[in-house]
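A quick write-up on the structure given underneath.
The values are calculated or read from the model by the stated rules, or taken from the named source; none is laboratory data. Being a predicted model, the structure only gives us computed values, none of them experimental. So basically every Cβ, Gly included, is an ideal-geometry build from the backbone, and we count neighbours across all protein chains shown.
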């Protein structure tokens, strides 16, 4: 289950560069809109922190998962959205500023909520509890180093050189797509010897959790009156998880390779569904953009 150098070293560097590019597409006004109208933040955070773990509990019960698989499924569901979710939202033309704020907020809240849900699952499945403490300093350093700082740097470039920022937007999307493709290959290579076994053990539960998360994100967002771009951001945050945290909890803190299986499988399967949502989002936003001029002509 160990990550290859491509993932452990190349991914953070690539994400840093990509987040600079994402920052070039944003202004302070984008973040100000989210804070002035925080409904997207409230809905997205509530769905990530509370609803997703409850969905995992329900799936584990419905599928009759083995105790270790059930605990592992709850752990990956209780993890926040990963940094790659911001890239997916950019590619889908969703609300990138909302996605970034949801990633930061959920990551900080997870420090408290993930141990609670993990112990609840352990109590239900094994009748035991563990002393689980997530590294607060490391989490904050990761958020600052790979999310906040490069985004701020990109925003500064846009302020000082808007023409350069506009030209870079297309390149960021292409580079981001290549990084995601390489990441998938790296993940598949890391589990190449057990891929069939892992898919049999945790594949159905992982893909159902992923699809349920995306569907839940779209449903609660639209029911809450969020825009299409905001709904895409929330759905992507629920579907694209930070599997690194799940693997750290299961392998390092709980020392259980069996519990790590759902996280490893989810980390691979979330990418195809993520690309499906990207395709859906791009068509949806493009269709909306085309309909606006038409309606404007019909109602001068």
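Just a few scattered comments:
- Pair list, Cβ under 6 Å, 6 or more apart: region 243-269 residue outside any helix (DSSP H, G or I), other residue crowded, with 20+ Cβ neighbours inside 10 Å: 256/250
- The number of residues in region 92-149 being outside any helix (DSSP H, G or I) and out of contact with any helix residue (DSSP H, G or I) (no Cβ under 8 Å at 6 or more places or on another chain) comes to 3.
- Checking 172, 200, 220 one by one, the residue that is at pLDDT below 75 and in a helix (DSSP H, G or I) is 172 and no other.
- Among the residues making up region 1-54, a single one is assigned to a loop (DSSP other than H, G, I, E, B), under 23 Å from residue 79 (Cα atoms) and modelled with pLDDT of 75 or more: 38.
- Failed criterion for residue 98 (all others in (1) farther than 21 Å from residue 158 by Cα; (2) buried (at least 16 other Cβ atoms within 10 Å of the Cβ); (3) at pLDDT 90 or above hold): (1)
- Of all positions in region 68-89, none carries a residue that is more than 20 Å from residue 244 (Cβ to Cβ), in a helix (DSSP H, G or I) and out of contact with any helix residue (DSSP H, G or I) (no Cβ under 6 Å at 6 or more places or on another chain).
- With respect to the conditions (1) at pLDDT below 85; (2) within 17 Å of the chain's Cα centre (by Cα); (3) farther than 24 Å from residue 21 by Cβ, residue 136 falls short on a single one, namely (2).
- For the residues 15, 63, 54, 114, the requirement of being more than 23 Å from residue 228 (Cβ to Cβ), surrounded by fewer than 19 Cβ atoms within 10 Å (Cβ to Cβ) and in contact (Cβ under 8 Å) with a residue 12 or more places away in the chain singles out 63.
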